[in-house]
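Notes follow the structure.
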Amino acid sequence: MHAFFAHTFFAHTLLPHALLAAALLGTMSSSPFAEATHRAYAQQDANELRALLQSAPTRADSLLVRYRLYPLTEEAAVLDGLPSSLPDGSAREYALLSGLWAYRAGEASFFSAIRYGRRSTDLLDKAKARAPHAPFVLLVEGQSLLFRPSIAGKDPAAAAGRFARLADRVDQQGSTGISRTEAQVWRCLALSEAGQAGEAQELNAQLRARALPPLYRQFLEDPPDV
């Protein structure tokens, strides 16, 4: 997983009623299905995620499981048949699809990677236009800011800010399919990459003192190169 994340995320005001509805959907608390997906991801249970993918009741749920499954397995089939866009997508769906195209870019040849990276960025822009503070928008945007090349706008300090905001959103909204711990683990990595070593080390120590799910403990003990 760590080697994968190291090269994947480089992609870079009144709304009409239809877009407003999509924005509201993007900020709503998520379903028990999303929580089950998050638990399986944090426990590194790829088999459970595969089972959830087979039973995903909605397009949004399918995108979510694929977004969680691919980093654990790097199975190319998980990315087969990705749509280029979603004409009626919610902020959450656009963000998840952006992340999936970023995964695809990380495995592509040079010129395809550029095209897929731009597609990922365009989808993220659509997500932000609908609900810039929706949890999955903040998560994917923070990852993109952390892993993209410097020439494409890499900004670890800004990424740390997105993850801090994400932790606050999780506290405010409750269940979202993202835990506060996940947001803090990502923030720890971003702070370290931004040169804020003292704050990163303090947060790392606080997190490692807890009973963390296996994925997050591994992430802290052996962080990816960014």
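Mind running the shape call on the stretch 50-102? Use the C-alpha gyration tensor, a ≥ b ≥ c as the square roots of the eigenvalues: rounded below 1.5 for a/c, prolate if a/b tops b/c, oblate otherwise. Don't skip to the answer; put the middle values down first.
On the way: a/c = 1.88, a/b = 1.30, b/c = 1.44.
Because a/c hits 1.5 or more and a/b fails to exceed b/c, the stretch 50-102 counts as oblate.
Do any chymotrypsin sites (Phe, Trp or Tyr not before Pro) in the stretch 132-208 lie in a DSSP loop with no more than 12 other beta carbon atoms within 10 Å, and if so, which? Mind showing how you got there, number by number?
Values: sites: 136, 147, 163, 186; in loops: none.
For chymotrypsin sites (Phe, Trp or Tyr not before Pro) across the stretch 132-208 that sit outside H, G, I, E and B with at most 12 neighbouring Cβ atoms in 10 Å, the list is empty.
Can you classify the stretch 25-184 as rounded, prolate or oblate using the Cα gyration tensor, where a ≥ b ≥ c are the square roots of its eigenvalues, rounded means a/c under 1.5, and otherwise it's prolate if a/b beats b/c and oblate if not?
Because its axes are fairly even, with a/c under 1.5, the stretch 25-184 counts as rounded.
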Backbone N under 13 Å from the residue 201 label point (7 Å along Cα→Cβ), restricted to the stretch 176-193: 192
- request: Divide by every residue of the chain the summed helix terms, -39500 (n - 2.57) for each DSSP H run of at least 4, and state the resulting mean residue ellipticity at 222 nm, rounded to the nearest 500 deg cm²/dmol.
  value: -22000 deg cm²/dmol
- prompt: Under a Cβ-Cβ cut-off of 12 Å, what is the net charge of the residues other than residue 113 that fall near it, where Lys and Arg count +1 and Asp and Glu count -1?
  reply: +4
- line: On the formula 1/(1 + (r/R0)^6), with r taken between the Cβ atoms of residue 73 and residue 125 and R0 of 30 Å, the FRET efficiency rounded to 0.05 is 0.60
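Every number in this text was worked out from the coordinates using simple rules, so none of it is lab data. Quick caveat, the model's predicted, so the values are computed rather than measured. Quick reminder, even Gly has a Cβ in these numbers, built from the backbone with ideal geometry, and neighbours come from all protein chains shown.
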